[in-house]
1. With only Lys, Arg, Asp and Glu charged, each at its Cβ (+1 for the first two, -1 for the last two), find how big the charge dipole of the chain is about the Cα centre; round to the nearest 20 debye.
2. Charges on Cβ only, +1 for Lys and Arg, -1 for Asp and Glu, centred on the Cα centroid of the chain; of ALA7, SER61, LEU28, which one is farthest towards the dipole's positive end?
3. Grab the DSSP H runs of the chain that are 4 residues or longer, score each as -39,500 (n - 2.57), total them, divide by all residues and round the 222 nm result to the nearest 500 deg cm²/dmol.
4. Which whole-Hz ³J(HN,Hα) couplings does segment 60-68 yield from phi under the Karplus relation 6.51 cos²θ - 1.76 cosθ + 1.60, θ = phi - 60°, glycine and proline marked x?
5. Please list 3J(HN,Hα) in residue order for segment 42-48, calculated via the Karplus relation 6.51 cos²θ - 1.76 cosθ + 1.60 where θ = phi - 60°; whole Hz, with x for glycine and proline.
6. Tell me, rounded to the nearest percent, the portion of alpha carbon pairs in the chain spaced more than 14 Å apart.
7. Treat each spin label as a single point 7 Å out from the Cα along the C-beta direction, and report the ASN53 to SER13 distance in nm.
Amino acid sequence: MNGRLLAEALKLSPGDRLRMIEALWETLSEADIPVTPEERALLDARLADLEANPGDQSPWSEVRARLEQRPR
């Protein structure tokens, strides 16, 4: 990574840095982010579990609430 470019980016406000990250992320295609065979197997297993147990998942709001209640 270009050190000067990073130094300039770090001068931006947090909000501007987040917007820059989002803009850069949106330029990537699926082909730019390869999935390893291990990751593909994990995704396939999770999808199979979802299809086999459709009511067994928790909405993000519940997961987040449980995480926030955990001692740090």
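1. Dipole magnitude for the chain comes out near 580 debye.
2. The listed residue farthest towards the positive side: ALA7.
3. Numbers: 4 runs with 46 residues, N = 72.
My calculation for the chain gives -19500 deg cm²/dmol from helical runs alone.
4. In residue order, the calculated couplings are 4, 4, 6, 4, 4, 4, 5, 5, 5 Hz.
5. Here the 3J(HN,Hα) series is 5, 4, 4, 5, 5, 5, 4 Hz.
6. Looking at the chain, the distances longer than 14 Å represent 79 percent of pairs.
7. 4.5
Bear in mind that the values in this text are calculations on the coordinates, not laboratory data. Since this is a predicted model, take the numbers as computed values, not measurements. Glycine gets a Cβ as well: all are built from the backbone with ideal geometry, and neighbour counts include every protein chain shown.
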